[in-house]
Amino acid sequence: MSENPIVQITGLHKHYGPVHVLDGIDLSVNVGEVVVILGASGSGKSTLIRCINGLETYMSGQLNVDGRELLPLHNKLRHLKAVREEVGMVFQQFNLFPHLSVLENVALAPRKVRGRTAKEAETIAMKLLERVHIAEHARKYPSQLSGGQQQRVAIARSLAMEPKVLLFDEPTSALDPEMVGEVLDVMRELARSGMTMLVVTHEMGFAREVADRVVLIHRGKILEEGPPEQMFDHPKHERTRTFLRSNGSRDRTPPNLV
């Protein structure tokens, strides 16, 4: 992991009406680092990562991604297109095009955004489907796949943009428990490959095992952050201890899958 920040956030504020969703967030993410973001529903964790790729605008502060500062200008983010080309995002829902095959879903971005030929895009797509262990389903349509398989296709589609940073917003929350492991396995492999990742999740086992750093957001602020062994075994704040106790029993991360 390089000591070279690719995401730099300083004093970030965001309101939804009277609700102060992000209240002065400071966060730096280095190249190759895996940062897991924890927090209760409504704490602001998903809003934070949506700001990083411009799905949400913010009111004040600074947000710099890969040397480009996203500045809100009349509700339009400057440098938005350039940043989105470098930042991939995997959502709770898979958002695959139902009328396209798995292969076509993954090949679309290389053709439309990166300017690849159809043949080049298909070659890239097949390699990525092999990487997420679903190449045998390349000619199927999303409706023919399980939820776990669809999410792996969604990950492959994000990788097709050759991103420098991958954002995950609760990528396993919509899955049945038996499908969680196959998605987390792919995410483990991405982490081992050196991909820079910010992951919003409630999978505590995954956070403890894979994260370089764990961040707990509470009421729009970073309450505590540190390496997993510190956060899980020796948290400093009582609120952190309470959160981990209440969520540890709901962890669906299959053990010993590495």
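Numerical summary
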{"quantity": "Some residue of the stretch 56-67 being of a type in the set (Val, Ile, Thr) and in contact with a helix residue (DSSP H, G or I) (Cβ under 9 Å, 6 or more places away or on another chain)", "calculated": "yes"}
{"quantity": "Flag if residue 60 is among the hydroxyl-bearing types (Ser, Thr, Tyr), in contact with a strand residue (DSSP E or B) (Cβ under 7 Å, 6 or more places away or on another chain) and open to solvent by 40 Å² or more (accessible area, probe 1.4 Å)", "calculated": "yes"}
{"quantity": "Test set (1) surrounded by fewer than 21 Cβ atoms within 10 Å (Cβ to Cβ); (2) at pLDDT 95 or above; (3) among the small types (Gly, Ala, Ser) - residue 205 fails condition number", "calculated": "(2)"}
{"quantity": "Sole residue being open to solvent by less than 10 Å² (accessible area, probe 1.4 Å) and either touching a residue at least 40 places away in the same chain (Cβ under 8 Å) or closer than 30 Å to residue 247 by Cα (or both), chosen from 109, 174, 154", "calculated": "154"}
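The values are calculated or read from the model by the stated rules, or taken from the named source; none is laboratory data. Remember, it's a predicted structure, so these values are computed and weren't measured experimentally. Note that each Cβ is placed from the backbone with ideal geometry, even for glycine, and that neighbours are counted across all protein chains shown. Only protein heavy atoms, including side chains, enter the accessible area calculation; ligands, DNA and RNA are left aside. Shrake-Rupley method; radii C 1.70, N 1.55, O 1.52, S 1.80 Å.
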